[in-house]
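Comments concern the structure below.
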């Protein structure tokens, strides 16, 4: 999904409209490669520290400690980070902005701190991982648009960066809701490891009600966005209503009635589909701008 949305931003949003960009085809491939390596490293370190939790929550999906040893996984974590951060170092200098290198360092550190500590804290871990999901979109705007800003093109550059920002905010919101749903789904394993997630802190029933209520935030935001930007674009409006707003309403109704682990697993999957279809809407800009 990371690779797809970064390619869509480049080739469905920026390139077709002649926006001044900093990366050529090889450059965007390197940015995708760096992002995926660091994200993969985050998944590896997360699996290393989740072995005991996953024995309860997802015994059929355990990899580290079963198919791959902890030492091998930790070495893979280091190698992936070195490759990802090293590629980011090269890209930062290639666009003439060496300070942009710090973005990769910060993301790498946050993924490690999330896996080792923050995911055990009340909501902070959810917010951090959702921020990092949003950063996988924003980073394209940072490397593509900011180095290419001139006094003449500032208005258009900021306009397209704002579009990327809006999509990253959407990704943040949906991922945050999905994280809460996953916490409710995984309450048994998380409790056994002394975590302090929302359902552990206030109970599954209250967390479920909060999740249902929070669904109205992206719903209201998307409807406002449609009314502001796409009210004269029936194709775009129809797409969002059918593939984003509709499923979010379905999720809200299902959340009120969810009781079992499989119910919350279904909600988590639905959030993933909502995010996928929301990000795929970048293709619509070819027809509406």
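Observations on the model:
- Footprinting exposure proxy for 121, 53 (fewest neighbouring C-beta atoms within 10 Å first): 121, 53
- With R₀ set to 51 Å, the beta-carbon distance separating residue 78 from residue 201 gives a calculated FRET efficiency near 0.90.
- Pairwise FRET efficiency - residue 15 versus residue 149, Cβ, R0 = 22 Å, nearest 0.05: 0.80
- Taking 0.36 nm per residue of separation and subtracting the current Cα-Cα distance, fully stretching the chain between residue 122 and residue 220 would add 32.7 nm.
- In terms of other Cβ atoms within 10 Å, 264, 100, 176 run from fewest to most in the order 100, 176, 264.
- Anisotropy class of the chain from Cα gyration tensor, a/c 1.5 cut: oblate
- Taking 140, 133 and counting other C-beta atoms within 10 Å, the order from fewest to most: 133, 140
- The slack in the chain from residue 210 to residue 242, taken as 0.36 nm per residue of separation less the alpha-carbon distance, amounts to 9.1 nm.
- The calculated FRET efficiency for residue 62 paired with residue 156, based on their beta-carbon distance and R0 = 51 Å, is about 0.55.
- Overall form of the stretch 117-246 per C-alpha gyration tensor (a/c, 1.5; a/b vs b/c): oblate
- Cα centroid separation - the stretch 1-45 against the stretch 105-146, whole Å: 16
Bear in mind that the values in this text are calculations on the coordinates, not laboratory data. Note that the structure is a prediction, hence the values are computed from the model and not measured. FYI the Cβ positions are ideal-geometry reconstructions off the backbone, even for glycines, and counts take in every protein chain you see.
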